[in-house]
Amino acid sequence: MSIKKAAALVLAACITATVSVGCMDKGKSNNNDIPLEDIIPTKNTTPVDPIGSHEIKGVIGSEVTENDTSFTLKSIIVPETSDNEQFIYFDIDLRNNTDTAYTLSTLNNFYIQLADGTDIYSDVRSQLYAGSLFKSDKYFLDPFDIPSNGQFSGIVGGFILKKDIKDFTVCFFPTGSNPNDKGTVIKFAVTADDISAPDPSILKK
């Protein structure tokens, strides 16, 4: 073997050994100096029950307290419309019994359940209509804020149903500060007798 060829092989071996040692040192440094949570990110989430696994029967006009939230469905408001649809709104009181303010919305916290089991969610058309109908200090667009140890009162919604539907269930998730905590649902049975036209005092002139 020539001297040049032998020298080349020795040099290659030295380079390989140097790289290997460097990799080993680097791996050792990673294991000792970098926290595990920086290598494998973890999510700080609170486990929640399956959606709607705990049902509470509410009564319109009566307060229900659950998940540090006191909720009252005061009335169901349906303005008169000229087509075959009715717009449904809720007049509510909601008290936050914690030191943490949070935000709720019609889309995330409310839905209507029909007699056949169909779930109806909020409709943006009804919110646009409400903005032109109700006074701005009476009706609140999504989302609406609930102060810590404070109360929210106002009209929220709404929903669109066929005009001939008079019996349905209003459902509310008292999620508090965790919008994903929907294990508990409060349900209010509604009949035609529970539906009222809006009082003139809450309407724009």
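The values are calculated or read from the model by the stated rules, or taken from the named source; none is laboratory data. Just so it is clear, the structure is predicted and the values come from calculations on it, not from any experiment. Cβ sites come from the backbone with ideal geometry, for glycine too, and all protein chains shown count toward neighbours. Protein only, heavy atoms only, side chains kept; ligands, DNA and RNA dropped before computing areas. Shrake-Rupley method; radii C 1.70, N 1.55, O 1.52, S 1.80 Å.
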Just the number, please: carbon plus sulfur as a percent of the accessible area of the stretch 110-187, 1.4 Å probe, no ligands or DNA/RNA counted. 50 percent
Per the rule of 0.36 nm per residue minus the C-alpha distance, extending Thr118 to Asp137 adds in nm 3.6 nm
Enumerate the whole-percent occupancy of each 10 Å bin, from 0 to the last occupied one, for all C-alpha pair distances of the stretch 163-205. 22, 29, 32, 16, 0
Note, ³J(HN,Hα) from phi for the stretch 179-191, Karplus 6.51, -1.76, 1.60, rounded to Hz, x at Gly and Pro: x, 8, 7, 10, x, 9, 10, 9, 10, 10, 6, 10, 10
Output needed for the stretch 105-161: three equivalent-ellipsoid semi-axes, defined as square roots of 5 times the C-alpha gyration tensor eigenvalues, in descending order, whole Å. 22, 16, 8
Contour minus Cα-Cα span, Ser196 to Ala101, at 0.36 nm per residue, comes to 31.1 nm
Placing +1 on the Cβ of each Lys and Arg and -1 on the Cβ of each Asp and Glu in the stretch 99-148, which of Thr100, Leu128, Tyr111 has its Cα farthest towards the positive end of the resulting dipole? Leu128
Based on Cα positions only, what radius of gyration and what Dmax would you give for the stretch 65-127, in angstroms? 14.3, 45
Debye calc, one equal point scatterer per Cα of the stretch 47-205, no solvent, log10 I(q)/I(0) at q = 0.09, 0.15, 0.21 1/Å comes to -0.27, -0.77, -1.53
Compute the FRET efficiency between Ser148 and Glu63 as 1/(1 + (r/R0)^6), taking r as their Cβ-Cβ distance and R0 = 22 Å, and round to the nearest 0.05. 0.70
For a quick check: with amide H placed at 1.01 Å from N, whose amide H comes under 5 Å from Gly154's, ignoring anything fewer than 5 positions away on the same chain? Ile92
What fraction, in whole percent, of alpha-carbon pairs in the stretch 137-186 exceed 19 Å separation? 45 percent
